Amino acid sequence: MILRGRHWVMVWLLLFLVVTGVVVTRQTAAIQTARRLASLREERVALEARRAELERRIRASSSRQVLGRRAEEQLGLHNPADSEFILFPVPPRSPADLR
């Protein structure tokens with residue numbers, strides 16, 4: 001079978017339509033991927049902000065001032081006065097202990 005002029009035009013038109021369809025499909029997938037990537041980046045920024053806020057709250061809650069107040073309220077503890085400190089002297093080491 002010999003292809004005539006109009007058959008070649010049909011073959012090239014069909015080939016053009018197939019290639020165009022592939023290009024459109026790839027571009028559509030790329031646009032969806034770009035939107036998903038932007039969404040994930042926004043979510044990451046929000047999660048990093050949440051993490052920073054939680055770390056700040058942990059540092060604030062574990063500060064000496066907050067823990068001291070809670071120990072006084074919940075456990076009945078208090079900061080010792082100067083007269084409540086007891087220093088225990090450490091005996092000096094003998095030369096035999098150093099060996």
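Summing charges over neighbours of Asn79, with a neighbour being any other residue whose Cβ is under 11 Å away from its Cβ, gives -1 when K and R count +1 and D and E count -1.
Counting protein heavy atoms only, the chain has 62 percent of its accessible area on carbon and sulfur, 1.4 angstrom probe. Taking the Cα atoms of the chain, the ratio Rg/Rh between the radius of gyration and the Kirkwood radius comes to 1.69. Shown here for segment 1-60: trypsin sites (Lys or Arg not before Pro) in loop regions (DSSP other than H, G, I, E, B) with at most 14 other Cβ atoms within 10 Å, namely Arg4. Measure nothing fancy, just the Cα-based angle from helix 5-61's long axis to the longest principal axis of the chain, in degrees from 0 to 90, nearest 10. With both axes taken from Cα atoms, the answer is about 10 degrees. Starting from the Cα gyration tensor of segment 49-99, take the square roots of the eigenvalues, sort them a ≥ b ≥ c, and report rounded, prolate or oblate (rounded when a/c is under 1.5, otherwise prolate if a/b is larger than b/c, else oblate). Here segment 49-99 falls in the oblate category. Note that the chain presents 102 Å² accessible area per residue, ligands and nucleic acids not counted, probe 1.4 Å. Considering only Glu42, Glu53, Glu72, the mean-square fluctuation computed in a Gaussian network model of the chain, springs between alpha carbons under 10 angstrom, is largest for Glu72.
Taking 0.36 nm per residue of separation and subtracting the Cα-Cα distance, full extension of the segment from Leu13 to Ile58 would add 9.5 nm.
The values are calculated or read from the model by the stated rules, or taken from the named source; none is laboratory data. Being a predicted model, the structure only gives us computed values, none of them experimental. We place every Cβ from the backbone using ideal geometry, glycine too, and count neighbours over all the protein chains shown. Side chains are part of the model used for accessible areas, which takes the heavy atoms of the whole protein and leaves out ligands, DNA and RNA. Shrake-Rupley method; radii C 1.70, N 1.55, O 1.52, S 1.80 Å.
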